[in-house]
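Report on one structure; see the data block that follows.
The values are calculated or read from the model by the stated rules, or taken from the named source; none is laboratory data. Everything quoted here is computed from the prediction, not taken from an experiment. A quick note on method: Cβ atoms are made from the backbone with ideal geometry, for glycine too, and the neighbour counts reach across all protein chains shown. Note: areas computed on protein heavy atoms with side chains; ligands, DNA, RNA excluded. Shrake-Rupley method; radii C 1.70, N 1.55, O 1.52, S 1.80 Å.
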Amino acid sequence: GTIRLLAETLHAVPDSVLGLQAFAFLDEFTVTRIKRLMQRMGIHSGRIECHPPTAFDERLTLHGGCHIAIDSIPWTGHTTTCHALWMGVPVVTVAGDHPCARMGVSVVHRAGYPELVSDSIEDMPRRVCEILNGRLDLVDFRARIREAMRHSPLMDERGFGEAFVAALQTAH
């Protein structure tokens, strides 16, 4: 399902390149398998970049070359989503049917960008196209997202700490 979603998105944005990063890409067999699956769906292998894990600062630098990110499915991102947003990359996500499938939605809502939430998995390619075609001013997004995150519940350490202590005190 995820491969199909990514292929549909690549078809919808013909000049795009998909960058993926995972431990699995340390294995050349896995890289070849992913590229072959995408080729069967009409996507040229040159449009797929498979990156093995890198150091944290290098991962953040990889985000700098992205225009948009597509959240993982069925377990959506949290930390990775925060990293992408912090680096100025909007993350299109969707709410799934279990808590691990709704973390991306929580993050983008808390950051103040509910327009990044797709109505369904099938709707994600359309949402990506909308954003790339101006529904979201990407220059403005990049200029404002860090400040938005700084002032959001995502980075309210004091508020979180106080709420956590209060929860512990009432849980006795």
- Where a ≥ b ≥ c are the square roots of the eigenvalues of the C-alpha gyration tensor, would you call segment 1-103 rounded, which needs a/c under 1.5, or, failing that, prolate if a/b is larger than b/c, or oblate? rounded
- Note on the structure: Expected max-MSF residue from P90, P114, P125 in the GNM of the chain (alpha carbon, under 10 Å) is P114
- Between rounded, prolate and oblate, where does segment 86-162 land on the alpha carbon gyration tensor, with a ≥ b ≥ c its root eigenvalues, rounded for a/c under 1.5, else prolate if a/b exceeds b/c? oblate
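May I ask you to derive the relative contact order of segment 1-100, considering only C-alpha pairs under 8 Å and at least 6 residues apart, and to give it as an integer percent? Walk me through the numbers before you get to the answer.
On the way: 99 pairs, mean separation 23.9, N = 100.
Value for segment 1-100: 24 percent.
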- the chain, accessible surface, carbon-and-sulfur percent (1.4 angstrom probe): 57
- Would you look at the GNM of the chain, springs on alpha carbons closer than 10 Å, and say which of V105, V139, V17 moves the most? V139
- Note on the structure: Out of A12, V92, G77 - ranked by how far each Cα lies towards the positive end of the dipole of the chain, with unit charges on the beta-carbon of charged residues - the top one is A12
- Message: Rolling a 1.4 Å sphere over the protein heavy atoms, what is the accessible area per residue of the chain, to the nearest Å²?
- Response: 60
- Query: How high is the relative contact order of segment 94-172, in percent, with contacts defined as C-alpha pairs under 8 Å that are six or more residues apart?
  - Reply: 26
- Note on the structure: Once amide hydrogens are built 1.01 Å from N within the peptide plane, the residues lying 5 or more places from E49 or on another chain with amide H under 5 Å from its amide H are L18, G19, L20
- Query: Along the charge dipole of the chain, which of M103, G65, H44 sits closest to the positive end, that is, farthest toward it, with unit charges on the beta carbon of Lys, Arg, Asp and Glu (+1, +1, -1, -1)?
  - Reply: H44
- Task: Give me Rg over Rh for the chain, both radii from the alpha carbons and Rh done the Kirkwood way, two decimal places.
- Result: 1.01
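With +1 on the Cβ of every Lys and Arg and -1 on the Cβ of every Asp and Glu, and nothing else charged, how large is the dipole of the chain about its Cα centre, in debye rounded to the nearest 20? Write down the numbers at each step before the final one.
Details: 17 positive and 20 negative charges, 52 e Å.
In total the dipole reaches around 240 debye.
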- Task: Find, to one decimal place in angstroms, the Kirkwood hydrodynamic radius of segment 58-123, where the mean of 1/r is taken over every pair of different Cα atoms and then inverted.
- Result: 11.6
- Query: Using a 1.4 angstrom probe with every protein chain in place, what is the largest-first accessible-area order of R40, R142?
  - Reply: R40, R142
- Query: 222 nm [θ] for the chain, helices only, -39500 (n - 2.57) per DSSP H run of 4+, per residue, to 500?
  - Reply: -14500 deg cm²/dmol
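So what is the relative contact order of the chain, in percent, for Cα pairs below 8 Å that sit 6 or more residues apart?
Details: 212 pairs, mean separation 32.6, N = 172.
Computed over the chain, the figure is 19 percent.
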